[in-house]
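Participant: Pasting in a structure now, in structure tokens, and then I'll have a few things to ask.
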Amino acid sequence: MVPLPDVQSLIEVVRGDALSDDPLDQLAQAARSVAEIEEVSDGLLGHFVESCRASGYSWSQISAVLGVSKQAVHKRFAGLTPTLERFTPRARSVVSDAVEEARALGQTAVGTEHLLLALFEDPEALAAQVMEEAGLRREAVVGKLPGAPDGGAAPETGAEPAGNEIGYSPRARTALRNAVEEALKLGHNYVGTEHLLLGLFDDPDARAAEILGSLGVTHEDMEQRLAAKLAALAASRKRA
């Protein structure tokens, strides 16, 4: 087992990242670091909870492993809409548009394929721009969905909708968590459409990842295209 960082190691990291040697600056940095650690830990636990759900395990089985009540684990991880505090307005629009994509296709749950379709809605968003540049078209994605001539695979399932609401499949919720992880890996304190796009690749068994792979689109290519666009944007801001 790879050892996790101990407290002393984390103290040294905080001291190194703090603005100065002043104890208040170090305290402020410690608070920021703890918030990031909590977000990462929540994402880590959430990833494996969603993996269990996608594999067919019940909330009772999951709660037994975590040592908490079924109600507590269900409340924490089974929300219809994942937490979106750090999502940009455009990224939030993708999440809401995905619901409409699922509804238009007659589905009762939002899958990763619907998130992928929703990324095409705003042509000015970074994700839509790089997909356009890579030659990826909405029509090609639609052609890979169930009912299309090529006999697309079944949509993702496993959501627990309430009333007339459309819920998110476990894999779709995982994709949103993955988007947060992609943002953190790039050192960004926000989650944009570009991170949503990259997050769709992280689960190779998810419908969106399968579609993207079948169309020859890779995480590496998208990441490189996004990095070039972000660098160009940063350069233009400096010139301005």
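Just so it is clear, none of the values below were taken in a lab; they were calculated from the coordinates. On a predicted model such as this, the values are computed, not experimentally measured, just so you know. Cβ atoms come from the backbone with ideal geometry, glycine included; neighbour counts cover every protein chain shown.
Participant: Can you spot the aspartates and glutamates whose alpha carbon is less than 14 Å from Lys144's alpha carbon? Ignore those fewer than 8 places along the same chain.
Facilitator: Glu113, Glu156, Glu210
Participant: Still on this structure, please answer the following. Among (1) 25, 23, 14; (2) 28, 22, 20; (3) 32, 26, 15, only one was calculated for this model; which label is it, if the read-out is semi-axes √(5λ) of the Cα gyration tensor in Å?
Facilitator: Computed from the coordinates, semi-axes √(5λ) of the Cα gyration tensor in Å corresponds to (3).
Participant: For Tyr168, which sequence-distant residues (separation of 5 or more, or a different chain) have an amide H within less than 5 Å of its own amide H, given hydrogens modelled in the peptide plane?
Facilitator: Val110, Glu160
Participant: Could you tell me what a quarter of the Cα convex hull surface of the stretch 1-78 works out to, in nm² with one decimal place?
Facilitator: Values: hull surface 27.7 nm².
Computed as one quarter of the Cα hull surface, the answer is 6.9 nm².
Participant: First measure r as the distance between the Cβ atoms of Asp17 and Arg103, then evaluate 1/(1 + (r/R0)^6) with R0 = 45 Å and state the FRET efficiency to the nearest 0.05. Before the final figure, lay out each step's value.
Facilitator: Working: r = 45 Å, r/R0 = 1.00.
My answer for the efficiency is 0.50.
Participant: Report the full-extension gain for the segment Met1 to Arg137: residue separation times 0.36 nm, less the Cα-Cα distance, to one decimal in nm.
Facilitator: Numbers: separation 136, 0.36 × 136 = 48.96 nm, distance 4.36 nm.
Stretched out fully, the Met1 to Arg137 stretch lengthens by 44.6 nm.
Participant: Given the Cα-Cα distance of Ser236 and Ser58 and 0.36 nm per residue of separation, how much length would full extension add, in nm? Show your work: numbers first, answer last.
Facilitator: Numbers: separation 178, 0.36 × 178 = 64.08 nm, distance 5.08 nm.
59.0 nm is the gain from fully extending Ser236 to Ser58.
Participant: Same structure, new question: So how far apart, in nm, are the two label points at Ser214 and Ser9 if each is 7 Å from Cα heading toward Cβ?
Facilitator: Inter-label distance under the simple model: 4.2 nm.
Participant: For the chain, modelled as a GNM with alpha-carbon contacts under 10 angstrom, which of Ala208, Ala175, Ala140 fluctuates the most?
Facilitator: Maximum fluctuation in the GNM of the chain, among the listed residues, is at Ala140.
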